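A.B. asks: This is the structure, below, for whatever I ask next.
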Amino acid sequence: MTEGIDGGAAPEGRQHQLTFEVHSANSESHMSPADRSSVLASAPPVFSCAWSDGGVGAAWVRPVGDLDVATAPEFEEALNAAQARERLIVLDLGGLTFLDSRGAHLIVEASLRAALAGGRLVVIRGEAHVQRVFELTGMDEGLEMVDRSLSLPPSQADLRLSEAVPAA
């Protein structure tokens, strides 16, 4: 099971994971090769993006960490793969710790692609500092954004979102 829109489990389905690690060469240049290997092996990834086929006509995309110009290609690859599979994409921004304008731009592009193909991209709002990027740039105006539902059990929330009638 994967996480649903209310923090619970999403419907069963295939899980796809891309992980990208970014490390500063400057911070590691003074380390011995053994120390550098130890740090790299124990350091958590700066960014990962998983998408899952929810089995109810929707794919859930969950980026985690910093979505910026360096990690944008991996995010774009996961988002494109999900959009090639399903017409409804649920993009959960709850795991993002940082979002720059490149990441926000990719989300808007994906929303436009979905609309042109007769599909939808539903964005589950992230933390306040992530949402601020959309507000400052005005990009939130054209996106279908929803709050994380805390009132429904996970399976009902996911199913309700995937079966929602597209806005006219």
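The values are calculated or read from the model by the stated rules, or taken from the named source; none is laboratory data. Every value quoted in this text rests on a predicted model; they were computed, and no experiment measured them. Here the Cβ positions follow ideal geometry from the backbone for every residue, glycine too, while neighbour counts run over all protein chains shown.
A.B. asks: Among the residues of region 55-73, how many are of a type in the set (Gly, Ala, Ser), closer than 22 Å to residue 87 by Cα and buried (at least 17 other Cβ atoms within 10 Å of the Cβ)?
C.D. replies: Result for region 55-73: 3.
A.B. asks: Among the residues of region 83-107, what is the count of those that are farther than 17 Å from residue 49 by Cβ and among the hydrophobic types (A, V, I, L, M, F, W, C)?
C.D. replies: The number of residues fulfilling the criteria is 1.
A.B. asks: For region 97-108, give me the residue count where each residue is surrounded by fewer than 22 Cβ atoms within 10 Å (Cβ to Cβ) and in a strand (DSSP E or B).
C.D. replies: 2
For (1) surrounded by 13 or more Cβ atoms within 10 Å (Cβ to Cβ); (2) of a type in the set (Phe, Trp, Tyr); (3) assigned to a loop (DSSP other than H, G, I, E, B); (4) modelled with pLDDT of 95 or more, each residue gets a yes or a no:
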position: 111; (1), (2), (3), (4): yes, no, no, yes
position: 122; (1), (2), (3), (4): yes, no, no, no
position: 126; (1), (2), (3), (4): yes, no, yes, no
position: 130; (1), (2), (3), (4): yes, no, no, yes
position: 135; (1), (2), (3), (4): no, no, no, no
position: 141; (1), (2), (3), (4): no, no, no, no
position: 149; (1), (2), (3), (4): yes, no, yes, no
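A.B. asks: Now for a different question. Give the residues of region 67-102 that are under 17 Å from residue 129 (Cβ atoms) and in contact (Cβ under 8 Å) with a residue 40 or more places away in the chain, sorted by residue number.
C.D. replies: 71, 92, 94
A.B. asks: If the requirement is being at pLDDT below 95 and aliphatic (A, V, I, L, M), which of these qualifies: 99, 116, 88?
C.D. replies: Sole residue among the options that is at pLDDT below 95 and aliphatic (A, V, I, L, M): 88.
A.B. asks: Just give me the residues in region 49-70 being out of contact with any helix residue (DSSP H, G or I) (no Cβ under 8 Å at 6 or more places or on another chain) and not in a strand (DSSP E or B), in sequence order.
C.D. replies: 55, 70
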